[in-house]
Amino acid sequence: MAARAPHGNNQPPKIIYKKIYIEGHGGHHGGAWKVAYADFVTAMMAFFLLMWLLGATNEKQRKALADYFAPTLIELKQNSAGSNGLFGGASIIDKDNYPHKAAQTGTRSMTIPADSTGGLSVGTGQKGSLKNKGQLGAEDQKNFERTKRRVEAAMQVNPSLAKLDKHVRFMRTQDGLRIDLLDDADYSMFALGTTQLDPQASALIGLIAQSIRDTDNPIMIRGHTDSLPYGDPLAMNNWMLSSSRAEATRRRLLAGSIPEKRFERIEGVADREPMITANPSDPRNRRVAITLLYRAAKFGN
């Protein structure tokens, strides 16, 4: 727009330019807010993922996740092994690179399981049962074999007990040595439907007591019955009969000078574990099992 020149002035008029900017939508398409929004969405996704993990995992799984991102086991091993500096352990050629320094915070016997091959000196002493676990099992095996020989030899020299030879069976199991006292159609260790021991069966259990008296192995007794039912199961049933016969056997062993503390477990399983599976009512399913158990390793033994 041109303005009129002042009167009597030959100077050209001043021209003023007025620039008008028309705002479009370009401001909304900048990049800074996108970065901030992306950061926000990422943080929210991480938050909801964390909430989902807390609700969908158990304590053990959460600990495993935490150890994945912050492996504390490595840090503990480094600290306990004294490797917090150049050659912080005693030597790079030590077994398992474990130190022998007085200033260390961990010891081999504390940080390496006894059942592993990580160390030469574990357990509570030179005669500790943890150190001689294999020897303990070997001694139990010898006890089992000696017990079997004693019972068989004693039965052979006693004519009345020799007749029960087919009613005694020795079985090695994962628990120890099991001695089964079996019934059949012609003979029963107990009077039918009762817990009264037959005199010969009582003498046989007394013989077993003598044979295992000098061992330290714990004893488990389990009673079994056939599947023949009782008229009134509320008054008497196979569960009661099997457990009562196991208890009667325990009392007979106790009378044979077996210490009370050696009895580990007394139980009755009724007809749930038949020996003759094809015929649960077979009389051979009636039996009492006396098991010499392996000794458990204990500190200080």
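The values are calculated or read from the model by the stated rules, or taken from the named source; none is laboratory data. Owing to the predicted nature of the structure, the values given are computational and were not obtained by experimental measurement. Every residue, glycine among them, receives a Cβ derived from its backbone with ideal geometry; neighbour counts consider all protein chains shown. Just the protein is used for accessible areas: all its heavy atoms, side chains included, with ligands, DNA and RNA removed. Shrake-Rupley method; radii C 1.70, N 1.55, O 1.52, S 1.80 Å.
Per-structure values
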{"read-out": "Matching residues, region 260-273, being in contact with a Ser or Thr (Cβ under 9 Å, 6 or more places away or on another chain) and part of a helix (DSSP H, G or I)", "value": "Arg262"}
{"read-out": "Near pairs, Cβ below 7 angstrom, 6+ apart or cross-chain, from region 194-219 (farther than 19 Å from Ala289 by Cβ) to any residue that is part of a loop (DSSP other than H, G, I, E, B) and of a type in the set (D, E, K, R)", "value": "Asp216/Arg295"}
{"read-out": "Region 277-288 - residue that is of a type outside the set (Asp, Glu) and part of a loop (DSSP other than H, G, I, E, B) and, of those, surrounded by the most Cβ atoms within 10 Å (Cβ to Cβ)", "value": "Arg286"}
{"read-out": "Condition check for Gly223: touching a residue at least 24 places away in the same chain (Cβ under 8 Å), among the small types (Gly, Ala, Ser) and within 17 Å of Arg252 (Cα to Cα)", "value": "yes"}
{"read-out": "Residue, farthest from Thr173 (Cα to Cα), within region 135-159, restricted to residues that are polar (S, T, N, Q) and open to solvent by 30 Å² or more (accessible area, probe 1.4 Å)", "value": "Asn158"}
{"read-out": "Search result, residues across region 176-188 that are on the phi < 0 side of the Ramachandran plot and either surrounded by 14 or more Cβ atoms within 10 Å (Cβ to Cβ) or touching a Gly at 6+ places or on another chain (Cβ under 9 Å) (or both)", "value": "Leu177, Arg178, Ile179, Asp180, Leu181, Leu182, Asp183, Tyr187, Ser188"}
{"read-out": "Boolean, Leu241 is assigned to a helix (DSSP H, G or I), touching a residue at least 40 places away in the same chain (Cβ under 8 Å) and not small (Gly, Ala, Ser)", "value": "yes"}
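Listed here are the residues, each with its yes/no results for (1) assigned to a loop (DSSP other than H, G, I, E, B); (2) out of contact with any Pro (no Cβ under 9 Å at 6 or more places or on another chain); (3) open to solvent by less than 60 Å² (accessible area, probe 1.4 Å); (4) modelled with pLDDT under 95.
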residue: Gly223; (1), (2), (3), (4): no, yes, yes, no
residue: Gly231; (1), (2), (3), (4): yes, yes, no, yes
residue: Ala235; (1), (2), (3), (4): yes, yes, no, yes
residue: Ala248; (1), (2), (3), (4): no, yes, yes, no
residue: Ile258; (1), (2), (3), (4): yes, yes, yes, no
residue: Met275; (1), (2), (3), (4): yes, yes, yes, yes
residue: Ile290; (1), (2), (3), (4): no, yes, yes, no
residue: Lys298; (1), (2), (3), (4): yes, yes, no, yes
